[in-house]
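The values are calculated or read from the model by the stated rules, or taken from the named source; none is laboratory data. Since we're looking at a predicted model, the values are computed, not measured. As a convention, Cβ positions derive from the backbone with ideal geometry for all residues, glycine included, and neighbour counts pool all protein chains shown. The area values use the complete protein model at the heavy-atom level, side chains included, leaving out ligands, DNA and RNA. Shrake-Rupley method; radii C 1.70, N 1.55, O 1.52, S 1.80 Å.
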Amino acid sequence: MTQQLDVNDDAVTRLGLMDTAPEERFDRITRLAREMFDVDYAVVNVVNSETVFTKSQPAESDFRHTPIEDSFCGEAVKQPAVLEVPDGRADPRFADRAIVAEHGIRFYAGFPIHTDAGETVGTLCLLDTSPRELSDTDRDAFERFGLWAQAEMRMDDPSASGSGSVTAEAVAPAVRDDRLAAGEVRLAALAIPYGQVSGDRSSWQQVGDRIIVTLADVMGKGEEAGGFAEELIGALQQRAHLDPVEAMLSVEDYARHDKRYRETFATLFHAVIETRSGRVAYVDAGHGLTLLLRADGTSERLRSRNLPLGLRPSDAEWEAGETVVGHGDLIVSVSDGALDAYDSTLDSLRLIGEDLRRATEPDAFFDELSIRVSEHVVDDDVTAVVISVR
């Protein structure tokens, strides 16, 4: 008798993720996980009763469909928690499977992904060609990565509250704001909510010769996500006297006392710009969508290995970032909804940078982005912040 797998084919079909193109919202999870755990592969899979479809993977790998019987995931989806296989070659359950015998994978860790209703629809996996084991700290961190992947996958469930896609007619009016700070640094922002209330927020203030800029993207849509984003932004802005890491630690401690913190999380970019020196100190919490465009035509992504606020293990340290900007430089930071107006991958950030360079003013760039949002299926809030050095 064939053993029944603990996956739900109807739920997988409902999500509509099988055989879809890569998306940065999943790729940033696997990119960070691969780096943090130092493994050959970190992947997000969609799993039904016949196949494992790899939705996100390293750029140099080429997983596509793996028969369920040849994979580790066929066992992982039966588990209530993480399945860890220290050495597949020494484990009789997997030694003869193609993933081990033919492809040489020895170590595996898999987090089963469920819908809100508890249906199993996918996995987040770590794979390596060398045997190894997760420490207690590693396992805790990996489970948090799994919750992140699960939350992203649940965003595609039309049966979940607040989900679904948005058409051009359904997009709420865009909101723009800008001000000139210290005569040298101009900030401009665009917000296009999904529906009437956005889970994205951006804000800034000037304190002497320092400008404090924050962009937050709370998982979810609607009033609850919007309210939490508003509070997080406000809490960070109230800590303008602190450096970015100190501010994040303080807000994290504050958020732990809010039950919503245990039920959701937020990606954040929080920076302090010193207008006289051009020094930019920042902390990025799982955001990864901030681009520095130099006046000489070069560019760099302001990246970090931090997890989103709400998913960071208690013994992990916040990683700080720092750069210096000068005359003619631009910084653009967007929420991941903006990528959906392009091709949804991280390459969209490069295209956004190119569009911004071509625009003579942020407003012209915002016009172009707003048109793109109206012409594409964008099922998330869209926020963009542009900082220009005069």
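Points to keep in mind about this one:
- Largest to smallest principal axis extent of the C-alpha atoms in the chain, angstrom: 74, 44, 43
- Difference of contour (0.36 nm per residue) and Cα-Cα distance, Arg301 to Glu184: 39.9 nm
- Note that the range 1-104 presents 49 Å² accessible area per residue, ligands and nucleic acids not counted, probe 1.4 Å.
- Residue ranking by accessible heavy-atom surface, 1.4 Å probe, largest first, among Thr264, Thr115 comes out as Thr264, Thr115.
- Using a Förster distance of 41 Å, the FRET efficiency for Asp367-Val324 (Cβ separation, nearest 0.05): 0.85
- With protein chains left intact and a 1.4 Å probe, residues in the range 271-320 average 39 Å² of accessible area per residue.
- Of the listed residues Val324, Val52, Val245, the order by accessible area with a 1.4 Å probe, largest first, is Val324, Val245, Val52.
- Surface composition of the chain: carbon and sulfur make up 46 percent of the accessible area, probe 1.4 Å.
- Phi angles across the range 64-70 convert, under the Karplus curve 6.51 cos²θ - 1.76 cosθ + 1.60 with θ = phi - 60°, into 3J(HN,Hα) values of 9, 10, 10, x, 4, 6, 9 Hz, Gly and Pro given as x.
- Between 0 and 90°, nearest 10: helix 136-154 axis offset from the chain longest Cα axis: 80 degrees
- Relative contact order computed over the range 321-390 (Cα-Cα under 8 Å; 6+ residues apart), in percent: 58 percent
- Heavy atoms of Glu300: accessible area, 1.4 Å probe, square angstrom to 10: 80 Å²
- Derived scalar couplings ³J(HN,Hα) [the range 331-341; Karplus, 6.51 cos²θ - 1.76 cosθ + 1.60; whole Hz; x for Gly, Pro]: 10, 10, 10, 10, 7, 5, x, 5, 5, 5, 7
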